[in-house]
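Below is one structure; the comments refer to it alone.
The values are calculated or read from the model by the stated rules, or taken from the named source; none is laboratory data. Worth saying up front: this structure is predicted, and the values here are computed from it rather than measured. Backbone-built Cβ (ideal geometry, glycine too); neighbour counts: all protein chains shown.
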Amino acid sequence: MRRSAILLGAALVFILLGGVFYYEHLAPRSVACTAEAKICPDGSAVGRSGPNCAFAPCSAISAHHLSAGLYPLYPGLAWNAETATTTLALTGYRVSSQTVANISDLSAISSPFEKYYREKLSALGWSEDNTLAAGGPGSAVIAYRKSGGLIILSYQTVFHGGGSNEPVSCPCDISFSLFSSGSAASPDLPDPHADLIRVTSPQAYASVTSPITITGEARGTWYFEASFPVLLMDGSGKIIAQGVAEAQGDWMTTDFVPFTATLSFVRAEVTQPYASRATLILKKDNASGLPAHDDAVYLPVYLQP
């Protein structure tokens with residue numbers, strides 16, 4: 001009996017000491033942090049929080065310099081901090097997205113981005129300026145103007161497959177950027193291909209149906225055996241049509257020689273999001289096969305059924 005009482009007493013002492021240890025060292029307790037504030041690079045302030053009273057992280061996004069029409073930024077992407085920069089000879093502010101890696105469908109990322117800003121900016125009175133537009137495989141530059149202001153949306157893609165003389169293909173990585181400037185002056189933008197090849201039809205961002213007739217002129221050095229390749233790539237990076245542009249005169253010259261080409265695409269494939277954007281690719285016929293001699297012109301168009 002006495003032995004049992006001793007053991008019970010020892011157990012109670014052990015439990016009591018364990019409770020004291022838990023309270024002193026392990027039990028969670030509320031912490032009253034000091035009312036300090038840290039000023040972030042974008043001018044906002046964050047306070048202390050959490051059990052260690054650490055400062056909350058600064059937001060990577062700053063909304064103080066870009067045109068108000070760009071905010072809130074497209075929610076489908078993670079955005080970095082904005083920076084002062086010069087784009088197309090204009091000074092302003094730019095914000096870039098974090099790269100979206102290893103995607104298989106470009107249009108699933110790019111089309112919602114374009115639609116978000118097309119609808120948002122149009123509703124605010126911004127007009128698209130096709131004189132500054134450009135495009136290529138998995139890339140685009142889209143400009144908007146309003147009352148002396150300029151907004152440029154852009155994205156570019158790094159393809160993991162293809163290249164050189166092979167069509168590019170996904171998986172791929174894509175990143176986006178937004179630029180705004182208070183200047184509406186049109187910069188003098190030289191076309192690096194203007195003295196090599198000129199497309200008269202279709203125009204950039206024209207709506208086209210199948211078959212597409214492509215006309216223009218190119219210097220004789222763009223041809224080989226009086227022709228050069230022409231491809232049509234949809235918004236996901238898939239080649240949906242390809243053919244040959246043929247010289248309409250003697251191509252054995254360094255002067256400009258007219259050309260014509262016709263491409264047919266399967267109407268069943270022209271469904272959203274592919275109908276929103278495609279790219280005509282007019283490739284220099286590189287008989288040498290050396291990558292250093294590769295060249296091409298990329299013409300953005302809209303496909304219509």
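Here's a check for you: in segment 212-250, which residue that is part of a strand (DSSP E or B) and hydroxyl-bearing (Ser, Thr, Tyr) is surrounded by the fewest Cβ atoms within 10 Å (Cβ to Cβ)?
Initially, segment 212-250 is screened for residues part of a strand (DSSP E or B), giving 212-219, 224, 227-234, 239-247.
Going one step further and asking which of them are hydroxyl-bearing (Ser, Thr, Tyr), we end up with 213, 215, 227.
Details: THR213: 11, THR215: 16, SER227: 17.
That would be THR213.
All of LEU124, LEU153 fail the test of being modelled with pLDDT of 90 or more and either at positive phi or in the same structural domain as TRP79 (by TED's automatic domain parsing) (or both), apart from LEU153. Evaluation of TYR117 against the conditions (1) at pLDDT 90 or above; (2) touching a Ser or Thr at 6+ places or on another chain (Cβ under 8 Å); (3) of a type in the set (Ser, Thr, Tyr) shows that the sole unmet condition is (2). When ILE174 is tested against (1) loosely packed, with under 15 Cβ neighbours inside 10 Å; (2) modelled with pLDDT of 90 or more, exactly one condition is not met: (1).
In segment 255-278, the qualifying residues are those that are among the hydroxyl-bearing types (Ser, Thr, Tyr) and closer than 28 Å to TRP222 by Cβ, and the one that is modelled with the lowest pLDDT is SER264. Report yes if ILE142 is closer than 19 Å to ASP234 by Cα, in contact (Cβ under 8 Å) with a residue 12 or more places away in the chain and crowded, with 18+ Cβ neighbours inside 10 Å, otherwise no. The answer is yes for ILE142.
Criterion first (of a type in the set (A, V, I, L, M), buried (at least 20 other Cβ atoms within 10 Å of the Cβ) and either modelled with pLDDT under 85 or under 30 Å from the mean Cα position of the chain (by Cα) (or both)) does LEU282 satisfy it?
Details: of a type in the set (A, V, I, L, M): yes; buried (at least 20 other Cβ atoms within 10 Å of the Cβ): yes; either modelled with pLDDT under 85 or under 30 Å from the mean Cα position of the chain (by Cα) (or both): yes.
Considered against the rule, which asks whether it is of a type in the set (A, V, I, L, M), buried (at least 20 other Cβ atoms within 10 Å of the Cβ) and either modelled with pLDDT under 85 or under 30 Å from the mean Cα position of the chain (by Cα) (or both), LEU282 comes out as yes.
Restricting the search to strands (runs of 3 or more DSSP E) fully inside segment 67-174 and requiring at least 3 residues that are of a type in the set (Ser, Thr, Tyr) gives 83-87, 90-96, 149-163.
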